[in-house]
1. Please state the shape class of the range 409-479: rounded when a/c is under 1.5, otherwise prolate if a/b exceeds b/c and oblate if not, all from the C-alpha gyration tensor.
2. Taking the simple approach of a point 7 Å from Cα along Cα-to-Cβ for both K438 and E343, what is their distance in nm?
3. Per 0.36 nm of contour for each residue apart, how much would the distance between D201 and A176 grow if the chain were fully extended, relative to their Cα-Cα spacing?
4. Classify the range 316-438 as rounded, prolate or oblate from the Cα gyration tensor: take a ≥ b ≥ c as the square roots of its eigenvalues, call it rounded if a/c is under 1.5, otherwise prolate when a/b beats b/c and oblate if not.
5. Mind listing the long-range amide H neighbours of F256? Cut-off is under 5 Å, sequence gap 5 or more, other chains count too, H placed in the peptide plane at 1.01 Å from N.
6. How many angstrom separate the Cα center of the range 91-157 from the Cα center of the range 338-352?
7. Just read off the accessible area of E118 with the full protein assembly in place, 1.4 Å probe, to the nearest 10 Å².
8. Leaving out ligands and nucleic acids, note down the accessible area per residue over the chain with a 1.4 angstrom probe, in whole Å².
Amino acid sequence: MGDITGFLKIKRKEAGNRPVVERIYDFSEVEQILNSEDRILQAARCMDCGVPFCHWNCAVDNLIPEWNDLLFRGDWKAAYRRLSATNNFPEFTGRICPAPCEHSCVLNIQLESVTIRENEVAIVEKAFSEGYIKPIPPTNRTGKKIAVIGSGPSGMAAADLLNRAGHEVTLFEKEAKAGGLLRYGVPDFKLSKAVIDRRLDLMVKEGVSIRTNMNIGTDISVQNIVNQYDAICIAIGSAMPRDLMIEGRALNGIHFALDFLVAQNKINGGESVDTALPLNAKEKRVVVIGGGDTGSDCVGTAIRQKASGVTQIEILPKPPMVRTPDNPWPFYAKVMKTTTSHEEGCERIWSVSTARFTGAEGNVTGVEIEDVEWQMTEPGCSMNIIPDTRRIIEADLVLLALGFVHPVSDGLVDELCVELDVQKNIKTEKGHATSIPKVFAAGDAVSGASLVVRAIASGRRAAIEIDRFLRLPSDDGSG
Ligand SMILES: Cc1cc2nc3c(=O)[nH]c(=O)nc-3n(C[C@H](O)[C@H](O)[C@H](O)COP(=O)(O)OP(=O)(O)OC[C@H]3O[C@@H](n4cnc5c(N)ncnc54)[C@H](O)[C@@H]3O)c2cc1C
């Protein structure tokens, strides 16, 4: 550890965001990158505390104190080597991970945590700009062929590691471009798609074959893939949205959040959009139902499309500003979060349930809400409607951001007859093996909708198991 009292002398300093008045006129990334000198100072704040709780709360087991120390010493190259040892895509997590590591940082008990996520992205961006991330194709090939189905972060991570292990990997994707929710869900203002293209380009140069516009189970049978490949990794995500089947649901103008986000992402990416009139919030009163991150992404997108007003509603109570006694360090702090999209101008309402949608001439005109109160019960908590609190929020566009329930079963899942768990996610044993021989699964398709860092971790673990499986001696002893 370089500066043993760094955390006492140096305050947390974030890179900051572009000003609201500027950024709402474009879809470019909101967050900036701190200059190298300040970044090194920020790394000096890491205490190397002995028991790195940051590491404990990082799904990919990032060696955080180690690369912070290397960064503090100005050895950016070694810091990148240490970072990339556990994370295939620090440029993704460094931009959009909610950074559970920072919640667990020991400094966070009394002071502000180390800027771990920003340090991560600074290290990887320096590595790209200095040119020491280069394609390194494997020197030996095993002759084994693997199909990875789904090109989100879990599929990309599995494909990357398996290729590096010398296997011949084909990454199949049903959309026109690879990247999964990173490309089509997460807005450009959080993650520029050039960042995904840069990584995919590297993977292709290292030997991964990417085949887009291939919906496995629809365009080509899964059985066909199973017959052709030595192992298969299913990484199809969890794309079935949760619906809200209340009065008025069939009115025009009520859409799933992801359809709205996909349309804008496709337009930004120069792709054609499926519908004749792409979903757009221009001059509309927008109500986003669901207070999570997907909802927040809808807020930022609607603001950029020049909505006349945006309201985001949430059934849960407003979170506290600071940790409560039942949510102590080092666990993820369940506290009030204001995203950059919220800063751009939206009304937020908590503890409200949606009673019905109102409409005229087949179009939505409002969302009728009512207040609810939450009570702690044993076990869990219960929700009661507060009588006589019904009121209508006027709306021309309603976006349902209520999460995702499980992977889409039409096509691949149904054809394969793969065993599912009670939530209808793909069931795997510890080693990511499914109920079908030589078929493995990873990411949100297994865990349910989660985070990029967990998808990468899952893809990595699946790759290790697939590699182990392929190296097992076969029954006839041929190896
Ligand atoms: C709007 C939104 C914003 C988010 N923001 C964040 C964030 O800021 N930070 C964060 O950590 N997480 C965020 N997440 C969650 C994160 O994006 C996911 O957890 C992660 O992408 C899951 O990765 P995955 O590889 O398992 O699946 P996905 O990213 O969903 O990728 C699955 C891929 O499989 C493809 N596919 C599906 N079926 C087939 C088939 N039959 N044949 C071929 N291809 C197929 C899909 O087209 C898709 O490309 C967000 C999610 C959403 C929806």
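1. Oblate.
2. Here the answer is 5.2 nm between the modelled labels.
3. Working it through step by step, the gained length comes to 7.5 nm.
4. Oblate is the answer for the range 316-438, as a/c is 1.5 or above yet b/c matches or exceeds a/b.
5. L400
6. With the range 91-157 and the range 338-352 each reduced to a Cα centre, they are spaced 29 Å.
7. Spelled out: E118, probe radius 1.4 Å, area about 10 Å².
8. 46
The values are calculated or read from the model by the stated rules, or taken from the named source; none is laboratory data. Being a predicted model, the structure only gives us computed values, none of them experimental. With ideal geometry, Cβ positions are generated from the backbone for all residues, glycine too; neighbour counts draw on all protein chains shown. Side chains included, ligands, DNA and RNA excluded: accessible areas come from the protein's heavy atoms. Shrake-Rupley method; radii C 1.70, N 1.55, O 1.52, S 1.80 Å.
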